[in-house]
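Engineer: Take this structure first; my questions come after.
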Amino acid sequence: MTRDVADAAVLLQSIAGHDPRDSTSSQKPVPDYLSSLQRGVKGMRLGVPKEYFVAGMEPAVEQAINDAIRLLEQQGASIQEVSLPHSDVALPAYYIIAPAEASSNLARYDGVRYGYQAEGAKNLIEEYVMTRQQGFGAEVKRRIMLGTYALSSGYYDAYYLQAQKVRTLIIDDFKRAFEKVDALLGATSPTVAFPLGAKTQDPVAMYLNDIITIPANLGNVCGISVPCGLADGLPIGLQVIAPGFREDTALQVAYAFEAAADFRKLQSPLMRAAA
Amino acid sequence: MAVATRYEVVVGLEVHAQVLTQSKMFCGCSTDYLVAPPNANTCPVCLGLPGSLPVINRRAVEATIRTALALNCEIPEFSKFDRKNYFYPDLPKGYQISQHDLPFSRNGRLEFDVKGEARRCGITRVHLEEDTGKLQHEGAIEQAQSSLVNFNRAGVPLMEIVSEPDLRSADEAREYVMRLRAILQYIGVNNGDMESGQLRCDANVSLRPMGQAEFGTKVEVKNMNSFRAIHRAIEYEIERQTEVLEAGGRLVQETRGWNDARALTVSQRTKEFAEDYRYFPEPDLPPLEVSREWVAEIRSQLPELPAARRERLIADLGLTPYDASVLTSSKPMAEYFEEMVRLGAPPKAAANWILGDFSRFLNADHKEIQEASVKPAHLQQLIALIDSGVISGKMAKQTFEMMYRSPDPEPALTAAKGSSQISGDAELAGIVDQVIAENEKSVVDFKAGKAQALKFLIGQGMKLSKGRANPQRLEALLREKIS
């Protein structure tokens, strides 16, 4: 999103805070993210969720994350292992909740007021079906189908409601962990980027790549990803997760790591070629 | 009706009432959709443009809570909005923001009366949602080659007031809606206009054998745009369902539309094709906590409601329960009446005038009392002229009609004040003599104690004087002369 952590802090500073046109935005005052950026990690308690070292993680990724944790320890942070026991059900819960909301959010693309409109429809139903069949891509249609199914009469309790209950468990996991530590560390993704289209035929394998970032999406917490190494010339991300509204902490840890690791050395050959 | 002895009628009503707010439910657009040019009052939010988000209109929530309090509902501390998902061109987002399992209120009741008898109907819930846009078809919907959408109404706040299945006849259903409408007007949340759709009513109608506890198959009747339509549609539906059951048939759960011109209901949708609305909590809006202080504040601002006003008119002004019910069924009418009394009109006479000729003229013209040129002061003065004997009741009726028909009632009223009623005994004596001479038989009857005969003689005297004789003086002179 940005070239370095300081830029991310500047960007966040300008977009954070209450938006009167968005009722879900917080009324809390926005702290000065830049002023706390350089405070370092000395004396900070950092947790490493054991569940984030998932099966199927690439050895190079695991190595880079362990190196990153050691580097932060050398900067004065105390490291301890923590547990987020419901991490394994975060992905299934997310792939119920997100498609359910998406199926409804995307209903407005019906060809009536704006956007793509199919030609040749003989009646209203046909116009809806043709417009949406032709206008949406395969992955979007898959998610609309998943979400519509999850919200359907007779399935709501088993899927959407259950997923929301799981979400509460994940929120509680994080709450407990943050009683012991200031921030959590883990990989952003268990593997480096796979080739474009490589997992299109196997959506579950593709969704599994989000397995470590999804909990943060559900858990009322904030997270940042910062480059921490390369494998086969592709970047590896270190994820820092902090409690909700503690973006200052996440930025502070990420900045300390970036400074100690000397980010420029981690540039991908691809990026150097482009530059 | 033979029906009533064999089947019990069960009716529940869903009333949709547009909330009288300046701006829409989730955006700042004006709620004026009747006069504004098509799609003039729209914005990215009420058009459902990508990226726009809803913001709750506090006044609409307040109006809903006020309504719920007037209907004796419980107001839970926790409430939320949900999405009701379905596709239709008048629904910009592909879902309606409504309330599903945690509405603003539940468990209320509405008291009303049918022909002077007290009735009570449970209120299941009052919740808040947004109205849809309006389609305009090119010609009849079946043949239309194209349809236009006007989104001015989309997002106008709409309350849904759901009753328990406590109503037992078309009469009860009509009276329930009349009383509900009066309450909504009294508390200033809705203008009560059914013709323009600002107040709409759907009915769930079913029959069950007398004494049976379980409900029969229900049919939802839509598209009833007046009190008369509500009554007729339910009556029709009772008859139709009775016929099906009598013939040994089975009813299907369905939605039927009332066709006022053809005076029948037509099937629109059966249960098999019913929509699955896929309700889920609206993620774009936070859940709401309704503080007890806020509820108390709204409660303290509630005005006198029709039931209380009705009791007061009976107890303090001596009106009959029936007159009091009809007068209080419309806030403007009740205010008109009370203003007349304040100006000195005798309550009974004021009520008779308002509920008599005045209402008849208003109904014929499809007008509300506040639209009439005759104001409370005019009618009060007219009644004073009768009471002081300046004009007769008959003349007053003629004068009233002239006042009503004119944009300015003053000239007719002034003319009546000046028009000399024949009150002088000298002038009346001639009339009395002629009446006695021409109606010997009645004179004899009256002497024999028949009170009716005197009324006849007075009537003859009024006729002779072309309605100008003072009836009280005329009666006195007749009695004097005959005895």
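The values are calculated or read from the model by the stated rules, or taken from the named source; none is laboratory data. Keep in mind that this is a model prediction, so the values were computed, not measured. With ideal geometry, Cβ positions are generated from the backbone for all residues, glycine too; neighbour counts draw on all protein chains shown.
Engineer: Cβ-Cβ under 9 Å, sequence separation 6+ or interchain: first residue in region A:9-22 and modelled with pLDDT of 95 or more, partner not small (Gly, Ala, Ser) and not in a loop (DSSP other than H, G, I, E, B). Which pairs?
Structural biologist: Between residues of region A:9-22 that are modelled with pLDDT of 95 or more and residues that are not small (Gly, Ala, Ser) and not in a loop (DSSP other than H, G, I, E, B), the close pairs are A:Ala9/A:Glu247; A:Ala9/A:Asp248; A:Ala9/A:Leu251; A:Ala9/A:Tyr255; A:Leu12/A:Glu247; A:Leu12/A:Leu251; A:Ala16/A:Glu247.
Engineer: Suppose we filter region B:157-177 for residues that are within 30 Å of B:Ala36 (Cβ to Cβ) and surrounded by fewer than 19 Cβ atoms within 10 Å (Cβ to Cβ); how many remain?
Structural biologist: The qualifying residues number 0.
Engineer: Can B:Ala154 be described as within 14 Å of chain A (Cβ to nearest Cβ), at pLDDT 95 or above and either surrounded by fewer than 21 Cβ atoms within 10 Å (Cβ to Cβ) or not in a strand (DSSP E or B) (or both)?
Structural biologist: yes
Engineer: Right, next: Answer yes or no: is there a residue in region A:193-205 that is without any contact (Cβ under 8 Å) to a residue 12 or more places away in the chain and crowded, with 17+ Cβ neighbours inside 10 Å.
Structural biologist: For region A:193-205, residues without any contact (Cβ under 8 Å) to a residue 12 or more places away in the chain and crowded, with 17+ Cβ neighbours inside 10 Å: absent.
Engineer: If a residue has to be outside any helix (DSSP H, G or I), farther than 20 Å from B:Ala384 by Cα and either modelled with pLDDT of 80 or more or hydroxyl-bearing (Ser, Thr, Tyr) (or both) to count, how many in region B:412-468 make the cut?
Structural biologist: Summing the residues that are outside any helix (DSSP H, G or I), farther than 20 Å from B:Ala384 by Cα and either modelled with pLDDT of 80 or more or hydroxyl-bearing (Ser, Thr, Tyr) (or both) in region B:412-468 gives 5.
Engineer: Would you be able to say whether some residue in region B:34-42 is within 14 Å of another protein chain (Cβ to nearest Cβ), closer than 30 Å to A:Gln117 by Cα, buried (at least 23 other Cβ atoms within 10 Å of the Cβ) and not β-branched (Val, Ile, Thr)?
Structural biologist: No, region B:34-42 contains no residue that is within 14 Å of another protein chain (Cβ to nearest Cβ), closer than 30 Å to A:Gln117 by Cα, buried (at least 23 other Cβ atoms within 10 Å of the Cβ) and not β-branched (Val, Ile, Thr).
Engineer: I'm told A:Leu184 meets every condition in (1) away from chain B (no Cβ under 11 Å); (2) crowded, with 21+ Cβ neighbours inside 10 Å; (3) assigned to a helix (DSSP H, G or I) except one. Can you identify the failing condition by its number?
Structural biologist: (3)
Engineer: Can I ask one more? Taking interchain pairs and intrachain pairs at least six residues apart, which have beta carbon atoms under 7 angstrom, with the first residue in region B:310-334 and at pLDDT 90 or above and the second buried (at least 22 other Cβ atoms within 10 Å of the Cβ) and of a type in the set (Phe, Trp, Tyr)?
Structural biologist: Once the first residue is at pLDDT 90 or above and sits in region B:310-334, its partners that are buried (at least 22 other Cβ atoms within 10 Å of the Cβ) and of a type in the set (Phe, Trp, Tyr) give B:Leu327/B:Phe337.
Engineer: Just to verify a result, which residue in region A:4-25, among those that are small (Gly, Ala, Ser) and surrounded by 14 or more Cβ atoms within 10 Å (Cβ to Cβ), is farthest from the other protein chains (Cβ to nearest Cβ)?
Structural biologist: Among them, the one singled out is A:Ala6.
Yes/no per residue for (1) of a type in the set (A, V, I, L, M); (2) touching a helix residue (DSSP H, G or I) at 6+ places or on another chain (Cβ under 8 Å); (3) more than 26 Å from B:Ile391 (Cβ to Cβ):
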position	(1), (2), (3)
B:Gly424	no, no, no
B:Glu427	no, no, no
B:Gly430	no, no, no
B:Asn439	no, yes, no
B:Phe446	no, yes, yes
B:Lys450	no, no, yes
B:Ile458	yes, yes, no
B:Met462	yes, yes, no
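Engineer: Which count do you get for residues in region B:165-192 that are more than 13 Å from the chain's Cα centre (by Cα) and either closer than 23 Å to B:Arg299 by Cβ or β-branched (Val, Ile, Thr) (or both)?
Structural biologist: The total comes to 3.
Engineer: Scan A:Asp88, A:Asp67 and give me the residue that is surrounded by 13 or more Cβ atoms within 10 Å (Cβ to Cβ) and more than 20 Å from A:Lys180 (Cβ to Cβ).
Structural biologist: A:Asp67
Engineer: Which one is nearest to the other protein chains (Cβ to nearest Cβ) among residues in region B:249-298 that are surrounded by fewer than 16 Cβ atoms within 10 Å (Cβ to Cβ), charged (D, E, K, R) and within 26 Å of B:Cys201 (Cβ to Cβ)?
Structural biologist: Filtering first and then ranking leaves B:Asp276.
Engineer: Away from chain A (no Cβ under 14 Å), surrounded by fewer than 18 Cβ atoms within 10 Å (Cβ to Cβ), touching an Asp or Glu at 6+ places or on another chain (Cβ under 8 Å) and not in a loop (DSSP other than H, G, I, E, B): which single residue out of B:Asp316, B:Asp357 fits that description?
Structural biologist: None of the others qualify; the one that does is B:Asp357.
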